[in-house]
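Worksheet for the structure shown next.
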Amino acid sequence: MKHIKSKIVAAAIIVMTTLCPVASVADSTNIPKVDSTITTAKTAAVDSAATELITDEELIEAEETGGLHKELKSKFIEGSAGFMSLVALALVIGLAFCIERIIYLTLSEINAKKLMETLSRKIEEDDIEGAKDICRNTRGPVASICYQGLMRIGESIENIERSIVSYGAVQMSNLERGCSWIKLCITIAPSLGFLGTVIGMVMAFDDIRMAGDISATIVASGMKVALITTIFGIIVALVLQLFYNYIVSKIEHITSQMEESAITLLDGITKYKKR
């Protein structure tokens, strides 16, 4: 602000020195005319000073406004660092499990229809070993359960089906691994926010007791902590819930692929055995 005031004073002095010769020329005809070059230079100086003044005001306004990250940082500090750190920890842990599950499920997805067409063709050609090699070289639970069925192709259909179902349950547990931790973070985040709300209310009543008077200024600090922690806890829960629903949809898609592939494989093995 001192820098801006100094520029305002400089601009005012330049304006006064520019106007004084013009006024003297208007009052007296004996004084020589002001040189046009000097007048132009002074006008340019005034414009430059005004431009710099406007630029500095815009910079100060931008600094005072700040960005979204600065606003979040200030609210995080205002909401009591202790509880806000717990909420942030729940967010980080939940996002870590979400990212890990999304990567795992993305790598587990394959073109199941193309795989089953290739396996059915190999089984029809009596190339069981070739079908096993395809399953070994293909990632994902669909290829794994097909490999388990082909490993027992010499046994009865009931034993093959039982093996596929049992191994499918194992693959399902692998797909759902870590989801319980995501649900835990979704539950904990708003609970921590509500705990902050209760603590903020206790702080507000304690301030009232210490002051011996009820006023908006006394209650405001405790209520602010309560509301900020609650808001951040709900936001964390909403973000994790979106990721969790996306993960569940991918698990359901892979599960349906496993079921369809198991049925197709059993049909192909049944035809193979009836020859």
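Read-outs throughout are calculated quantities, based only on the coordinates presented, and are distinct from any laboratory measurement. These numbers were taken from a predicted model, which means no experiment stands behind them. Positions of Cβ are backbone-derived with ideal geometry, glycine not excepted, and every protein chain shown enters the neighbour counts.
What pairs from LYS114/LYS271; LYS113/LYS183; LYS122/LYS250; LYS113/LYS271; LYS250/LYS271; LYS113/LYS274 go past 21 Å between their alpha carbons? Write down the numbers at each step before the final one.
Details: LYS114/LYS271 19 Å; LYS113/LYS183 32 Å; LYS122/LYS250 29 Å; LYS113/LYS271 19 Å; LYS250/LYS271 32 Å; LYS113/LYS274 24 Å.
Going by Cα-Cα distance, LYS113/LYS183; LYS122/LYS250; LYS250/LYS271; LYS113/LYS274 fall outside the 21 Å limit.
Rounded to the nearest 0.05, the FRET efficiency derived from the C-beta distance between LEU227 and LYS183 at R0 = 30 Å is 0.70. Placing pseudo-labels 7 Å out from each Cα toward the beta carbon at MET151 and GLU259 gives an inter-label distance of 2.5 nm.
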